Each structure stands twice: as C-alpha cells, then as structure tokens.
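Notes to accompany the following structure.
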Amino acid sequence: MIYKSIADRLRLRLNSSDFNIGSPLPGEKKLAEEFGVARMTIRKAIDLLIEWGLVVRRHGSGTYVAHKDIHHETTNLTGLAEILRQQGKEVASKVLIFEMMPAPPAIASQLRIQINERIYFSRRVRYVDGKPLMLEDSYMPVKLFRNLSLVHLEGSKFDYIEKDCGLTISGNYESLAPVLADKQLAQCLNVPEQTPLLRITSLSYSDSGEFLNYSVMFRNASEYQVDYHLRRVQAVNPSPEQYRQQLRRDNAQEHHQRIHRGIGERGRAAGRVQVVGKGQRRRVGH
C-alpha cells in the first residue's frame, strides 16, 4: 500500500542526523505535495509512525519525533554499546562461546601475531531493548588481555580495553558487505533464512600500534542504520609559476642523476676509479 511505503521512507528520514528527538515533522500539506498523494494518505502514514512509537501528534501543534530506531552516526570511533546507551536503549550481550585457542593463519595475519599464538575466541549475541541486533565473533591476543573474562564480554569490550587494561583505542579498520542469513545466523538473530544482513569486519588498534581485537559481525540491517559523515580533503593545486619551478627542479635533478650514473659506469668499465661523492674517490678492483 502507498501509505506504508511513505511511512517507511519517512522512518528512514526521521532516523537520519537531520532530525533530533523533539524535531517537528513537515506539515501534512507539504508532505502530500512532496509525495504527490492526498493528505489522507499522509495521515495514514503518520498514524503508522505513531503506532511504531517514532512520533507523537500534538493537537493544534503538529507531529514531533518521539523516538528513533537504532541509529549510529559515524563522525568518530565509539563503541556500539556506548552509542545505544546514549540513546536510552537497553543493551545486553549473551555469550555463546568463550575459549582460548591457537591463532589460525588468517587470524594471526589480521592481528599481526605468530601463527598458533594464544588468542581468545568469543561469540556473542548483542541485544537492544530485548531484540537480537548482532552476532559477533571476536579474536583478541591473550598476551594483551590476561584477565579477560565472561563478565567483561557481557558488557562493553571498549570499556574493558580502555578502563580495565589502560590501553587507548586509537582507530579501527572496517569493511562492510551485504549477506543473506543462513540457518545458524537466522536462529541466532531470530529472523527468517535469507534475510539481508550487514557483515562487518572490524580491526581495532592502539595508539602504540598494537592490534587489539579482530571481529566479524552480522547485523540485522532492518533494525540498524548507520550515517557516515566523511570530509573530503581538497588537494592544493599549484599556481602556473609554482608548477614551472617544480618542473625545472625535477628536470635538473634528473639531469644530475644521468651524469652521476654515466660517470659511475665509465669508472667501473675502466676498473680504476668510481666517483662516489664530491671530492671522494674509491679504487675499484677487477
């Protein structure tokens, strides 16, 4: 139905960084003109948003954002639990597997450690407001985290790494790809098989350059939204005069290198003297 499609599109818009809790929605007339439908259709779409708990209608005033779905805006590196708790969400983790194992080659390569070096392997499901959001497989070097326990994994790994271990998480490499849920993922996340999921690999490193954690995560894409705020660094274009000066310097350097190589080759061919530097000579044997 058209109103459901409009409600879904409005839901995505409300969950973007353009709207905050308490922000007003555009009026029904304006939305009707934007979507090319009758005001009654817009009213039914907003009724759905109210039913989902995302907006509230105030008589004589308008409609306002009341809540957001799980939303993550990436302007800096922040743990998932930190972000969601700031949004008033209840976050919990259920640890399915926690064990020590030798690092296989692929994991050792990611963490820059020796093959078969001891690592922790954990698998946990992250719940938000009682609903499973993500399945996470995580690998951490034992040498950096001697006292990692089940209790730590049931909370925030970022908190454990920085507050308990005194390590500073400096950055994170991430790779994202869409996948379809297989039987095991569907069971863990309580979704039908073939549900679209977001597969994220994450490699965190410290300010001293040590790799702290490698994770493979599967997130329910229908329950999670990420906004990226990326800045473009503009290249500084040289002026025509600067360009000509740089070209002259490059040509002079290349000419000097050709002369230097030619003298060296003649010295080696004669088997006598090779020029090493200004005012220096070295005897070359046959």
Pair list, Cβ < 7 Å and 6+ apart or interchain, from the stretch 15-27 residues that are within 19 Å of LYS89 (Cβ to Cβ) and modelled with pLDDT under 80 to residues that are open to solvent by less than 60 Å² (accessible area, probe 1.4 Å) and of a type in the set (Lys, Arg): ASN15/LYS68
Residue list for the stretch 1-34, restricted to those being farther than 13 Å from VAL65 by Cα and under 33 Å from the mean Cα position of the chain (by Cα): LYS4, SER5, ILE6, ALA7, ASP8, ARG9
Residue within the stretch 65-84 that is at pLDDT 90 or above and buried (at least 17 other Cβ atoms within 10 Å of the Cβ) present: no
Test: residue in the stretch 122-138 that is of a type in the set (D, E, K, R), open to solvent by 60 Å² or more (accessible area, probe 1.4 Å), in contact with a strand residue (DSSP E or B) (Cβ under 9 Å, 6 or more places away or on another chain) and farther than 23 Å from PHE218 by Cβ: no
Positions within the stretch 153-208 being within 22 Å of ALA106 (Cβ to Cβ) and free of Cβ contacts under 8 Å to residues at least 12 places away in the same chain, in sequence order: ASP182, GLN184
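The values are calculated or read from the model by the stated rules, or taken from the named source; none is laboratory data. If you're wondering where the values come from, they're calculated on a predicted model, not measured in any experiment. Every residue, glycine among them, receives a Cβ derived from its backbone with ideal geometry; neighbour counts consider all protein chains shown. Quick note on the areas: whole protein, heavy atoms, side chains included, nothing else; ligands and nucleic acids left out. Shrake-Rupley method; radii C 1.70, N 1.55, O 1.52, S 1.80 Å.
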